[in-house]
Amino acid sequence: MIRLPLFALILAGSTAAMPAAAQEATVDAEKINQVIVYGDDKCEQSSPDEIVVCNRLPETERYRVPPMLRGNPLDVRNEAWANKVVALERVGRFGTDSCSPTGLGGFTGCTQALLAGAKAERKAADKTDWQAMIADERAKRIAGIDAASDEVEAAVVAEERALAERQKAAEELERQASGQAPMPAAPDEADAAPLPTPPKP
């Protein structure tokens, strides 16, 4: 008799308890590859299991220092007016969530101020909107899938129509061979006369 460790049994039970959709999502996770290409470099094509998004920069930027590291980042002239206005707005703020040494709870809010500043710097430094590019690439892929499904659906409909015509022709041949009268053609719905309305009591 083989005895498994307790953590192995717990892991197996938790994996079995997961729904099938969650298990497939963990296996078939969508991969996104963000690439920066320069000049006329070729952008790798997206594959069925990976979305490739390319940001094309001019050839002159290939071996240059990134723009965010050029010049003196501490120069006052490089500071945006929006940041100066925010600094002026914080002059009279004190108390909770103010990140100031005065007032009750003035020490709180410093972490939020640091995070907001880092996020603003990162957004100002990186002008590439990767989210929009990924959304565009995903929309192109979905459009291609829809077009392919429409073609398949049209081919299936045409095949079903041809099959129905072949079956009808075979039935007519069987009726002619057996000497029976041909079946009357079904009236077209567009040419059929409307049903009479019953008289009102």
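Per-structure values
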item: The lone exception for Lys42 - which of (1) exposed (fewer than 10 other Cβ atoms within 10 Å of the Cβ); (2) modelled with pLDDT of 80 or more; (3) not in a loop (DSSP other than H, G, I, E, B) it fails; result: (3)
item: Residue list for region 99-140, filter: open to solvent by less than 60 Å² (accessible area, probe 1.4 Å) and in contact (Cβ under 8 Å) with a residue 60 or more places away in the chain; result: Thr128, Trp130, Met133, Ile134, Glu137
item: Region 46-63 residues that are within 11 Å of Ile32 (Cβ to Cβ) and open to solvent by 30 Å² or more (accessible area, probe 1.4 Å), paired with ones that are assigned to a strand (DSSP E or B) and among the β-branched types (Val, Ile, Thr) (beta carbon under 7 Å, 6 or more apart); result: Ser46/Val52
item: Selection within region 75-97 - in a loop (DSSP other than H, G, I, E, B) and either under 39 Å from the mean Cα position of the chain (by Cα) or in contact (Cβ under 8 Å) with a residue 24 or more places away in the chain (or both); result: Glu79, Ala80, Asp97
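The values are calculated or read from the model by the stated rules, or taken from the named source; none is laboratory data. Predicted model only: the values in this text are computed from it and were never measured. Positions of Cβ are generated from backbone atoms using ideal geometry, with glycine treated the same way; all protein chains shown enter the neighbour counts. When the accessible area is computed, the model is the full protein with side chains, heavy atoms only, and any ligands, DNA or RNA have been set aside. Shrake-Rupley method; radii C 1.70, N 1.55, O 1.52, S 1.80 Å.
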